[in-house]
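Novice: Quick one: the structure is below, questions incoming.
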Amino acid sequence: MKHITNFTNKKVLVLGLAKSGESAARLLDKLGAIVTVNDGKPFEENPAAQSLLEEGIKVVTGGHPLELLDEDFELMVKNPGIRYDNPMVVRALEKKISVITEVELAYLISEAPIIGITGSNGKTTTTTMIAEVLTAAGQNGLRSGNIGFPASQVATTATRNDTLVMELSSFQLMGIETFHPEIAVITNLMPTHIDYHGSFENYVAAKWNLQKNMTKSDFLVLNFNQTLAKDLAAKTQATVVPFSTTEEVDGAYLEGNILTFRGEPIMAADELGVPGSHNIENALVTIAVTKLCGIENQVIKETLAGFGGVKHRLQYVDEINHVKFYNDSKSTNILATQKALSGFENSKVILIAGGLDRGNEFDELIPDIQGLKKMVILGESSARIKRAADKAGVDYIDAESIKDATRKAFDEAQTGDIVLLSPANASWDMYPNFEVRGDEFIKTVEELKG
């Protein structure tokens, strides 16, 4: 990593722990900052805070006392999940304290070039695809960011021979100042996280931060299936490289059944190792990025053909009595479930759906669920999903948990059927996160097989 002096003897407050906060605190301490960590979880229930204290880093836990900000901090590194209307953040901004997220730290110390990937859906799969192709070609793609590997941690060991392939959320992108990827991707832009951002316009603005420091020598990969992306393309200094499944573009596109880059055929769509129209888009992004990195066609083709998916993102789990199980727990909105369903024949699918009630109806899902063999519905949003199922003419049964839903779905299944967990909802009504929800699905499949 670059040994920078930006933070030497600077008083820095790390607000919120989790993986990214813990990583940021250690990095700042290593860079010579005077670090204080503030986390809401009580100290006795907070292993991360306990560990940092043992390392000599000051920790304040069990709440967020505003008077802490009277200690003349020069910088706040905020956990991405903490909103900007949080009183601590509001007070910091009032006191002219700069507020960033830890991906900014990663950029400042990284010796490796950065590929930044954001969007409403497809970020994790695309990040993983790109990293795997780069690694297969000898460029060592290191996954980092919102994918579960804190960027500031991965960047500490990355060298000039590596490439940081960084998944970035809108929350992280709101907290950047100088962050500058050499290649950036916006997979798509759909209304989501409006409860955090307040409006779709604010959400788009946060995502668009990704390119704010890019220049003409950098590349921005945009989804030309979307009119919004075409409009945004005129508002960047970066060189735009489009991708599309509906038209020929000066980038990556689908020509018949062939994934193509600037007139050069790469592979057939049905050779991809994962199903679904959304994975065709993810593959086109990967082709665009890796061709810009100089990767040979054969390496791209072989890697994408062997790609087995990402855990919790349309992950093939197992087959029992000729019934296949797919875990798409990361589908926390309608669009993600629509894309998941596009990869299967509806008459063979038993869909498990439902979760946190955010107040929205599911009428957009009606055309996609028509013809399903059955639905198993659970969670706070059950009544709303049932209304959509009734309109679509789909039979359904209730479940009390993912374990219960998986067992009931298997009871309904016959040879050749698919049991698909693709909830179209966040998990927080019943589970701490989508990973826990997906893990329960996987465990239940293992029990059924056993």
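Novice: Just need the relative contact order of the stretch 315-449 here, percent rounded to a whole number, with Cα pairs under 8 Å and 6+ apart.
Specialist: Across the stretch 315-449, relative contact order equals 37 percent.
Novice: Answer rounded, prolate or oblate for the chain, using the Cα gyration tensor with square roots of eigenvalues a ≥ b ≥ c: rounded when a/c is under 1.5, else prolate when a/b is larger than b/c, else oblate.
Specialist: oblate
Novice: If you plug each phi of the stretch 60-76 into the Karplus form 6.51 cos²θ - 1.76 cosθ + 1.60 with θ = phi - 60°, what whole-Hz ³J(HN,Hα) values come out, in order, with x for Gly and Pro?
Specialist: Per residue, the Karplus-derived 3J(HN,Hα) values read 10, 10, x, x, 10, x, 4, 5, 4, 6, 7, 8, 6, 6, 9, 8, 10 Hz.
Novice: Taking amide H positions as placed in the peptide plane 1.01 Å from N, state which residues far from Glu111 in sequence (5 or more) or on other chains have amide H under 5 Å from it.
Specialist: Amide H neighbours of Glu111: Lys2.
Novice: Grab the other residues whose beta carbon is less than 9 angstrom from that of Lys403, score K and R as +1, D and E as -1, and report the net.
Specialist: Net charge around Lys403: -2.
Novice: With a 10 Å radius around each residue's Cβ, average the other Cβ atoms per peptide and rank 219-227, 149-157, 98-106, highest first.
Specialist: Ranking, from highest mean packing down: 98-106, 149-157, 219-227.
Novice: Just to confirm the filter: which GluC sites (Glu not before Pro) across the stretch 234-332 are DSSP coil and have at most 15 other Cβ within 10 angstrom of their Cβ?
Specialist: Glu247, Glu248, Glu296
Novice: Greater than 25 Å separation of Cα atoms is the criterion. Which listed pairs, Lys230/Lys291; Lys2/Lys311; Lys19/Lys230; Lys19/Lys58; Lys41/Lys212, meet it?
Specialist: Lys2/Lys311; Lys19/Lys230; Lys41/Lys212
Novice: Based on the Cβ-Cβ distance from Glu255 to Leu228, what FRET efficiency comes out when R0 is 25 Å, to the nearest 0.05?
Specialist: 0.55
Novice: Here's something else I'd like to know. Measure off, as a whole percent, the carbon and sulfur share of the 1.4 Å-probe accessible area of the stretch 315-449, all protein chains present.
Specialist: Ligands and nucleic acids excluded, carbon and sulfur reach 44 percent.
Novice: With a 1.4 Å probe and every protein chain left in place, tell me how much accessible area Ser401 has, in Å² to the nearest 10.
Specialist: Surface accessible to solvent at Ser401 totals approximately 30 Å².
Novice: Within the stretch 82-154, which trypsin sites (Lys or Arg not before Pro) sit in a loop by DSSP and count at most 12 neighbouring Cβ atoms inside 10 Å?
Specialist: When the trypsin sites (Lys or Arg not before Pro) of the stretch 82-154 are filtered for loop state and at most 12 Cβ neighbours within 10 Å, Lys95, Lys96 remain.
Novice: Show which aspartates and glutamates lie in cross-link reach of Lys96 when reach means a straight Cα distance below 14 angstrom and same-chain residues fewer than eight apart are skipped.
Specialist: Hits, sequence-local ones excluded: Asp70, Glu71, Asp72, Glu74.
Novice: Right, something else. Going by amide H atoms built from the backbone, whose H comes under 5 Å of the H on Leu220, apart from near neighbours?
Specialist: For Leu220, the qualifying residues are Ala184, Thr239, Val240, Val241.
Novice: Can you give me the accessible area per residue for the chain, using a 1.4 Å probe, in Å²?
Specialist: Heavy-atom SASA per residue in the chain reads 40 Å².
Novice: Need one number: % antiparallel among DSSP beta bridges in the chain, to the nearest 5.
Specialist: 20 percent
Novice: Averaging sequence separations of C-alpha pairs under 8 Å and six or more residues apart, then dividing by the length of the chain, give the relative contact order as a whole percent.
Specialist: Contact order relative to length: 10 percent.
Novice: Considering the zone a paramagnetic label at Asp318 would reach in this model (a point 7 Å from Cα along the Cα-to-Cβ line), which residues of the stretch 430-450 have amide N under 14 Å from it?
Specialist: 439-450
Novice: Along the Cα→Cβ direction, 7 angstrom out, place labels at Arg160 and Glu271. What is the inter-label distance in nm?
Specialist: Roughly 3.5 nm, to one decimal.
The values are calculated or read from the model by the stated rules, or taken from the named source; none is laboratory data. The structure presented is a predicted model; accordingly, all values stated were derived computationally and were not measured. Cβ coordinates were reconstructed from backbone atoms using ideal geometry, including for glycine residues, and neighbour counts include every protein chain displayed. The accessibility values were calculated without ligands, DNA or RNA, using every heavy atom of the protein model including side chains. Shrake-Rupley method; radii C 1.70, N 1.55, O 1.52, S 1.80 Å.
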